[in-house]
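The values are calculated or read from the model by the stated rules, or taken from the named source; none is laboratory data. What you are looking at is a predicted structure, and each value in this text was computed from that prediction instead of being measured. Neighbour counts run over all protein chains shown; Cβ positions are idealised from the backbone, glycine included.
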Amino acid sequence: MDHAVIRFATCMMRDGHQDHHEHPEKQEDWRSYPRDLGSWDTLFALPEPVPNLHDCLGKPLRIGPVIHRSFQFDSPLQSPWTVNNRVSGNYFVGRGDDALERPVVLFLHGWNASIAYYINYCRTGHRLARRGVHCALVNLPYHVRRKPNRWNEYFLTENIAHTVQAVQQAVIEARIILRWLRSHHRGPVGVWGISLGGWIASILACVERELDFAVLMTPAVRLDKQVWELPFLKAMKASFLEQGATQEDIARIAAPLLPKHHQPLLERDRILLIEALYDQFLGPETTDELWNAWGKPRIERYNHGHISILMDAGVLQTATDFIKTIQRRPTE
């Protein structure tokens, strides 16, 4: 299944971006990009004041025991594309006398997941709410309703500065949502990220002090490995090679955004890693590397690939059970 999806994604991607006039221009020379992006606390700092999202919620729609609301707000980081500058998402809240005490999770989807967002992830958000875990889903930059056109490669491009800004935008927007969720719920508030969303969630675990837990499912935490090995990122690799970059140079460029070089602010028992042993996108060794770098928090390994693990109801149950064991951390 992984091989089929990789082949499909490779066919959908263009051989190069430079002939697409709407796409971000290439970085002229990778050597001109600074190797030190500064501290993550500065790079992913919250805006002041932090936006209050209460007025951004749409009308409630009751679906059995779950209330579904959409939300939209302006991103504090502006890109050249108006459609990308408007953050949107869905919010699923279970009903009941103890609703405010239940845990709530911010769910971050994977790369190129626009179709899966509506078919799978919204259904997952509803199922979580039915199981006692409120769920907010957000469209990551350049995905779902935020795509400048039908191509999703705008998040990861050969323009290094643009890719860094996309990551920065995703993290800061997620922090805003997490702060709002924490102010409106008394239960623990955490993040659950899959693949690309797992990368963003791993950064959040290192910068967001008001996070109560993190679930990282097949997290894409090795940008350098992805650029060098994944066929559908061949345009990025080709651009670097044309400029004389080596695999070691790409590793140095990606290093400032790799979570293995940072430590989470969460205690280890508040982190759950979910690994697919037959992952053909990333390789299970990338999850193992992060697991070791972070002091070996809880990890669950499944006989799945990167795609098939999304369909396993047992994985959803494992993550839900883990989340329900977490208590809210005291406010500093």
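Some notes on this structure:
- Of the strands (runs of 3 or more DSSP E) that lie entirely inside the range 49-134, those containing 3 or more residues that are of a type outside the set (Asp, Glu) and within 25 Å of Asp212 (Cα to Cα) span 66-74, 86-94, 104-108.
- Close pairs from the range 114-127: first farther than 18 Å from Arg146 by Cβ and modelled with pLDDT of 85 or more, partner in a helix (DSSP H, G or I) and among the β-branched types (Val, Ile, Thr), Cβ under 9 Å, at least 6 apart: Arg127/Thr320
- Residue in the range 139-146 that is in contact with a Lys or Arg (Cβ under 6 Å, 6 or more places away or on another chain), farther than 20 Å from Leu196 by Cα and of a type outside the set (Gly, Ala, Ser) present: no
- Of residues in the range 152-201 being in contact with a Gly (Cβ under 7 Å, 6 or more places away or on another chain) and small (Gly, Ala, Ser), the one farthest from Ile115 (Cα to Cα): Ala201
Matching residues to (1) out of contact with any Asp or Glu (no Cβ under 6 Å at 6 or more places or on another chain); (2) surrounded by 18 or more Cβ atoms within 10 Å (Cβ to Cβ); (3) part of a loop (DSSP other than H, G, I, E, B); (4) of a type in the set (Phe, Trp, Tyr):
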{"residue": "Phe232", "(1), (2), (3), (4)": "yes, yes, no, yes"}
{"residue": "Lys237", "(1), (2), (3), (4)": "yes, yes, no, no"}
{"residue": "Glu248", "(1), (2), (3), (4)": "yes, no, no, no"}
{"residue": "Ile274", "(1), (2), (3), (4)": "no, yes, no, no"}
{"residue": "Leu282", "(1), (2), (3), (4)": "yes, yes, yes, no"}
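Rundown of residues vs (1) farther than 28 Å from Val207 by Cα; (2) in contact (Cβ under 8 Å) with a residue 12 or more places away in the chain; (3) touching a strand residue (DSSP E or B) at 6+ places or on another chain (Cβ under 8 Å), yes/no style:
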residue: Met217; (1), (2), (3): no, yes, yes
residue: Ala220; (1), (2), (3): no, yes, no
residue: Ile250; (1), (2), (3): no, yes, no
residue: Gln263; (1), (2), (3): no, yes, no
residue: Trp291; (1), (2), (3): no, yes, yes
residue: Gly305; (1), (2), (3): yes, yes, yes
residue: Ser308; (1), (2), (3): yes, yes, yes
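- Enumeration of residues in the range 201-220 that are out of contact with any Asp or Glu (no Cβ under 7 Å at 6 or more places or on another chain), surrounded by fewer than 24 Cβ atoms within 10 Å (Cβ to Cβ) and either part of a helix (DSSP H, G or I) or at pLDDT below 95 (or both): Cys206, Glu210
- Residue within the range 235-251 that is more than 24 Å from Ser32 (Cα to Cα) and more than 18 Å from the chain's Cα centre (by Cα) present: no
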